[in-house]
Amino acid sequence: MRILVTGGGTGGHIYPALAFIRYVQKIQPDSEFLYVGTHRGLENKIVPETGISFKTIKIQGFKRSLSFDNVKTVKLFIESIKRSKEILREFKPDVVIGTGGYVSGSVVYAATRMKIPTIVHEQNSVPGITNKFLSRFADRVAICFPDAAQYFSAEKTVLVGNPRAQEVVTSGKSEVLSEYGLKSDIPTVLIFGGSQGALKINQAVIQALPKLAQKEYQVLYASGDRYFNELTEKFDIDKMSSNVSLQPYIKNMTDVMANVNLLIGRAGATSIAEFTALGLPAILIPSPYVTNDHQTKNAQSLVNAGAVKMIADAELKGENLVAAVDEIMNDAEKRQAMAKASRQEGIPDAAERLWSLVNDIVK
């Protein structure tokens, strides 16, 4: 099968696409893939390193205020449709899958005009403007949160989940925590704010560290490179308590997640897919800087299910962070109930479900 995947701008659009491609490559090695992104997006750095064929189109998003740039945006969109059709004619895909971002708008729309089967994959509980637009033309809409179904046609919409989840569940118990100076037999809290870190989370952790260092549970904090220097200036890492490990980055995050008892971080769709597939309880601090405040809505659906506790970014402080962690880590029964709820919200066979959907529409 020939599959064209398109999506970009953020890791949340790119990593699910790559996870799906890796899954199909395992079960149907003779499949051919083409990834279409933008020349300036994060995908331009990530995808070529995977060895997957990669092409780009030029496009930009609309400004929310009146701007001359929007005239240029319209012109680029029209040109990008033409470029997309050229790519489609050359590659001749059996199906086109869009995972979000402006680039998928052009490519998926062009594919629908050419009568090529199309799937829109929406990772969040509240869809972005591109996927809302595309849903009117695409053959199917694959969603990750049941709450997202209300925004799309019921006849087209299928609960699929995020393919990243299926990759994570292959990780098992191991001695990975020893790589970070921690013990494998002590309950562990993992704190991270994404690959770049998060200012408010870092500020709260700095306030909380003296108390966290005195707990019976362990803490592994990945600050992100931009905040690690601040940590080293405030704390002598070599003399920190043996139950606290401070790191700029965790390269084997999925293995680590499979070996901890509580996760603290943002409420991005990919992160949620990963920890619910593992059945991890979590404390989520949604980023206030995302479109439509979708991280808060992502988190709220899990709060309603009893899988997570949510703290608003504006309200996060060291004191209430420690209190929230203690509430969960010092109550094994509560932690187990949250873990069970988290597992029930997870979709560990998401890549398989998306592959089934592809085969349903490709005749």
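Derivation of every value follows stated rules applied to the coordinates shown; laboratory data play no part. Predicted, not measured: the structure shown is a model, and the values here were computed from it. So basically every Cβ, Gly included, is an ideal-geometry build from the backbone, and we count neighbours across all protein chains shown.
Taking only the alpha-carbon positions of the chain and ignoring solvent, what does the Debye formula give for the base-10 log of I(q)/I(0) at q = 0.12 Å⁻¹? Per q value, in the given order, log10 I(q)/I(0) is -0.89. Beta bridges per DSSP, both residues in the chain: antiparallel share near 0 percent. Which translational diffusion coefficient, to the nearest whole µm²/s, is obtained for the stretch 176-345 from the Stokes-Einstein equation, given a Kirkwood hydrodynamic radius over C-alpha pairs, 20 °C and 1.002 mPa s? Value of D from the Cα-based Kirkwood radius: 136 µm²/s. Would the stretch 281-327 count as rounded, prolate or oblate if I go by the C-alpha gyration tensor, calling it rounded below 1.5 in a/c and otherwise prolate when a/b exceeds b/c, oblate otherwise? Verdict is oblate for the stretch 281-327. Counting only the Cα atoms, the stretch 75-216 fills a convex hull of 188 Å³ per residue. Centre-to-centre separation between the Cα atoms of the stretch 292-363 and those of the stretch 1-42: 25 Å. About its Cα centre, the chain has a charge dipole of approximately 1480 debye under the convention of +1 per Lys or Arg Cβ and -1 per Asp or Glu Cβ, with nothing else charged.
When the GluC sites (Glu not before Pro) in the stretch 78-167 are filtered for DSSP coil states and for at most 13 other beta-carbon atoms within 10 Å of their beta-carbon, the remaining sites are GLU155. The ranking of MET338, MET329, MET240 by Cβ neighbour count inside 10 Å, starting from the fewest, reads MET240, MET329, MET338. For the stretch 176-345, the relative contact order is 24 percent, taking Cα pairs closer than 8 Å that sit 6 or more residues apart in sequence and dividing their mean separation by the residue count. Of all aspartates and glutamates in the structure, those lying under 19 Å Cα to Cα from LYS239, and not within fewer than 8 positions of it along the same chain, are GLU179, GLU216, GLU230. Whole-Hz Karplus values for the stretch 147-158 come out as 4, 6, 4, 5, 8, 10, 5, 4, 5, 9, 8, 9 Hz, taken residue by residue from phi with 6.51 cos²θ - 1.76 cosθ + 1.60 and θ = phi - 60°; glycine and proline positions read x.
For the stretch 124-164, the C-alpha radius of gyration divided by 2.2 N^0.38 Å, with N the number of residues, is 1.03. Fully extending the segment from LYS173 to ASN229 would add 17.0 nm, taking 0.36 nm per residue of separation and subtracting the current Cα-Cα distance. Among ALA213, ALA154, ALA305, the residue with the largest mean-square fluctuation in a Gaussian network model of the chain, with springs joining Cα atoms closer than 10 Å, is ALA154. Each Cα pair under 8 Å and six or more residues apart adds its separation to the average, and for the chain the resulting relative contact order is 16 percent. The length gained on full extension between ALA154 and LYS334, counted as 0.36 nm times the residue separation minus their Cα-Cα distance, comes to 61.2 nm. Of all lysines in the structure, the ones whose alpha carbon falls short of 20 Å from that of LYS317, not counting any fewer than 8 places away in one chain, are LYS200, LYS211, LYS215, LYS234, LYS309. Is the shape of the stretch 248-302 best called rounded, prolate or oblate, per the rule: a/c under 1.5 gives rounded, else a/b larger than b/c gives prolate, else oblate, with a ≥ b ≥ c the square roots of the Cα gyration tensor eigenvalues? Because a/c hits 1.5 or more and a/b exceeds b/c, the stretch 248-302 counts as prolate. Between TYR102, TYR35, TYR217, the Gaussian network model of the chain with springs among Cα atoms under 10 angstrom shows the greatest mean-square fluctuation at TYR217. Applying 1/(1 + (r/R0)^6) with R0 = 35 Å to the Cβ-Cβ distance of MET240 and GLN25 gives a FRET efficiency near 0.25.
Amide H to amide H distances under 5 Å link MET310 with LEU284, where only residues 5 or more positions off or on other chains count and H is placed in the peptide plane. For the stretch 265-350, the Cβ-based charge dipole about the Cα centre amounts to some 120 debye (Lys, Arg positive; Asp, Glu negative; other atoms uncharged).
According to the Kirkwood relation over distinct C-alpha pairs, the hydrodynamic radius of the stretch 293-363 is 14.6 Å.
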